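> This structure is in structure tokens; I'll ask about it shortly.
The values are calculated or read from the model by the stated rules, or taken from the named source; none is laboratory data. Given the structure is predicted, the values throughout are model-derived calculations rather than measurements. Positions of Cβ are generated from backbone atoms using ideal geometry, with glycine treated the same way; all protein chains shown enter the neighbour counts.
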Amino acid sequence: MCGIVGYVGRQSALDVALDGLHRLEYRGYDSAGVAILDTAGALVIERRAGKLVNLDRALAELGPIPGTTGMGHTRWATHGGPTDQNAHPHTDCLGMIAVVHNGIIENFTALRDELERQGHMFRSDTDTEVAAHLLEQMLRGRLAENGADLAAAFTEAFRRTCRCLDGSFTLLAVHRDLPDLMLGARRNSPLVVGLGEGENFLASDVAAFIAHTRDAVEIGQDEVVELRADRVTVTDLDGSVTAPRHYHVDWDAAAAQKGGHPYFMLKEILEQPLAVADTLRGRLTADGAISLDEERLSPQDFRYVDKVFIVACGTAYHAGLIAKYAIEHWTRMPCEVDIASEFRYRDPVLDRATLVVAISQSGETLDTLMAVKHAQEQKARVLAICNTNGSTIPRESDAVLYTRAGPEVGVAATKTFLTQCVATYLVALHLARVRGTLFGDEIGRVVEDLGGMPAQIEKVLDTVEPVRALARELADSKSVLFLGRHVGYPTALEGALKLKELAYMHAEGFPAGELKHGPIALVEDGTPVVVCVPSPLGRNTLHGKVISNIQEVRARGARTIVIAEEGDDAVLPFAEHVIRVPRVPSLLFPLVATVPLQVFACELALARGLDVDQPRNLAKSVTVE
Ligand code: M6R
């Protein structure tokens, strides 16, 4: 996820762009850059790896850049490491055209090969740079066909460029010789227009221009904006003028960095359908294989794997526990899950045929990194699942699958957990394919089920309001217990962890069948017990057993809160509150059942007056052992 801002008007474009970038930095801080069309007729570009402060410093040294048209970009790296060279804006061969981009151009390899054949010189590892060269190529063709109206030719070339791109994009472009024009387009990625007096704005989020105007225009899928100081024209990719929706933003600049949400955690919970969709995007190749992002292992290496270990911490560890069920079920291989800080001290049995899967949002968690190093010393292969491009754990690993959740600012992991689960399902399918334990059509069916999950998660989010009321009602509880079986058990653990870290409350997750061996002593009159109930349509008898477990705690005075799929009426006689989730395949249950648990913990913490984005004693990335 990147942040984009564009401006055409009467103020200093550099000041507007930088101010906008500061408000958008939550979207990514791998690098930042600006392109300004200066009053002397030059296209000035400045960009720096790292946080925005690095760009601020470089620009301060450079001195003022007078100009009233310009754009800025803050990057969350996907293709290519977080370097100066990969920072946006990117330019064409001649430095006449500059583009900034948010999203993933899935066909960039094919486009790049073709453009290189035509003589274009690439200077970065990004997918974005193809857009600059393609635009250059299209413009050349358009001018040759239709003569000298540069603005018309540039706009048409931009539309043609967008038509050639697969994947998701918000794309802005300027041309050195068109100082009063900026073009923008979007597909599956955000772009809004801000309407000012004699000035107009483009941005990924209204946060970028909220200090200047609250009048905004929503840009539809596959629409192109021509932005000038005195007018905004929106067309579709064929050039027909459209009538986009105008709206007034009813929140102020202070809330802007959170994209209009009162806190990051809520924003991130709501982003989960998109994060899951992005993590899945383009993963299944035409021949049924799952594509990883970096693969320094051959299919042969994967074929010889005879055992999997998963190492991770905190929430990522819970994703690992869920992965175990999928890996063992689909690959028929044993899989062990270790808390990373314990792994190397217990002297696990590892060899060349062991695959160690390291799961980490940040890619910098030292406990997980040390587990990776230990695995490598023992000659095991390591595959990283990570959300942060360019971080240490993927760099140290033999293969990488990135979760594309975008930056997660709230310290409590939410959207990264769901995307970690999705990524582990993909790894399990990859292993099943190379080992021949699942056929291509079976893999295709699971990938299809996964493809339906963003809509199912969206449904949960649409119906989650009663969970908030319940959380407020239970805010004074002393302790909350969470129960589950099968993948419902790690889901219960994650629900308990969210409540501990956000609400500073005693919360424990247990396998529902283990309760009678001790933990049931914790249940007293009024203790809230949250139970994750598996589908009654599952192949085994789990559903009935969990219903019995609910009755056991209820008989001892518990307030039972039951998460059950739509249509499961067997839970009704024993549940004080029922939270409904859509019916999904059993292994995918955590993707829908975790969401109400996140909302529950968040709301309960808020009801206790706590800061849900920065809970006490915690840090987003833990780089000490
Ligand atoms: O960056 P990582 O995924 O390696 O971080 C692991 C844990 O520190 C992290 O999941 C932590 O438990 C979160 N605060 C959970 O919400």
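> Of the conditions (1) assigned to a helix (DSSP H, G or I); (2) away from the ligand (no atom under 16 Å from the Cβ); (3) closer than 21 Å to V446 by Cα, I322 fails just one. Which one is it?
With respect to (1) assigned to a helix (DSSP H, G or I); (2) away from the ligand (no atom under 16 Å from the Cβ); (3) closer than 21 Å to V446 by Cα, I322 is out only on (2).
> Out of all the residues in segment 329-342, which are more than 10 Å from the ligand (Cβ to nearest atom) and surrounded by 15 or more Cβ atoms within 10 Å (Cβ to Cβ)? It would help to see each step written out before you state the result.
First pass over segment 329-342, keeping only residues more than 10 Å from the ligand (Cβ to nearest atom): 329-339, 341-342.
Across segment 329-342, the qualifying residues are H329, W330, T331, M333, C335, E336, V337, D338, I339, S341.
> Kindly indicate which of G363, G320 is modelled with pLDDT under 95 and either within 20 Å of L280 (Cα to Cα) or crowded, with 23+ Cβ neighbours inside 10 Å (or both). I'd like the intermediate steps shown before the answer.
Details: G320 fails: modelled with pLDDT under 95.
The match here is G363.
> If only one of V349, V311 is in a strand (DSSP E or B) and either surrounded by fewer than 22 Cβ atoms within 10 Å (Cβ to Cβ) or touching a helix residue (DSSP H, G or I) at 6+ places or on another chain (Cβ under 7 Å) (or both), which one is it? Before the answer, list the steps.
Values: V349 fails: in a strand (DSSP E or B).
None of the others qualify; the one that does is V311.
> Collect the residues in segment 343-362 that are more than 9 Å from the ligand (Cβ to nearest atom) and either hydroxyl-bearing (S, T, Y) or farther than 29 Å from P407 by Cβ (or both), keeping them in residue-number order.
Of everything in segment 343-362, those that are more than 9 Å from the ligand (Cβ to nearest atom) and either hydroxyl-bearing (S, T, Y) or farther than 29 Å from P407 by Cβ (or both) turn out to be R344, Y345, R346, D347, P348, V349, L350, D351, R352, A353, T354.
> State all residues of segment 483-530 that are β-branched (V, I, T) and under 19 Å from V612 (Cβ atoms); if no residue qualifies, say none.
Matches in segment 483-530: V530 only.
> If you go through segment 271-285 one residue at a time, do you hit one that is closer than 19 Å to R23 by Cβ and not assigned by TED's automatic domain parsing to the domain that holds T69?
yes
> Considering only segment 36-67, state which residues are out of contact with any strand residue (DSSP E or B) (no Cβ under 7 Å at 6 or more places or on another chain) and either surrounded by 20 or more Cβ atoms within 10 Å (Cβ to Cβ) or in a loop (DSSP other than H, G, I, E, B) (or both).
Scanning segment 36-67 gives T39, A40, G41, A42, K51, G63, P64, P66.
For (1) crowded, with 21+ Cβ neighbours inside 10 Å; (2) within 16 Å of the ligand (Cβ to nearest atom); (3) of a type in the set (K, R); (4) not assigned by TED's automatic domain parsing to the domain that holds V446, each residue gets a yes or a no:
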site: D525; (1), (2), (3), (4): no, no, no, yes
site: V533; (1), (2), (3), (4): yes, no, no, yes
site: H543; (1), (2), (3), (4): no, no, no, yes
site: S586; (1), (2), (3), (4): no, no, no, yes
site: L597; (1), (2), (3), (4): yes, yes, no, yes
site: A601; (1), (2), (3), (4): yes, yes, no, yes
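> A follow-up question, please. If you check T365, T414, which single one turns out to be near the ligand (Cβ under 8 Å from one of its atoms), in contact (Cβ under 8 Å) with a residue 12 or more places away in the chain and over 14 Å from the mean Cα position of the chain (by Cα)?
Residue meeting the stated conditions: T365.
> With the requirement that a residue be polar (S, T, N, Q), within 22 Å of the chain's Cα centre (by Cα) and outside any helix (DSSP H, G or I), what does segment 368-389 give you?
Those that are polar (S, T, N, Q), within 22 Å of the chain's Cα centre (by Cα) and outside any helix (DSSP H, G or I): N387, T388, N389.
> So, restricting to helices (runs of 4 or more DSSP H) that lie completely within segment 431-497, which ones have at least 2 residues that are within 16 Å of the ligand (Cβ to nearest atom)?
Answer list for segment 431-497: none.
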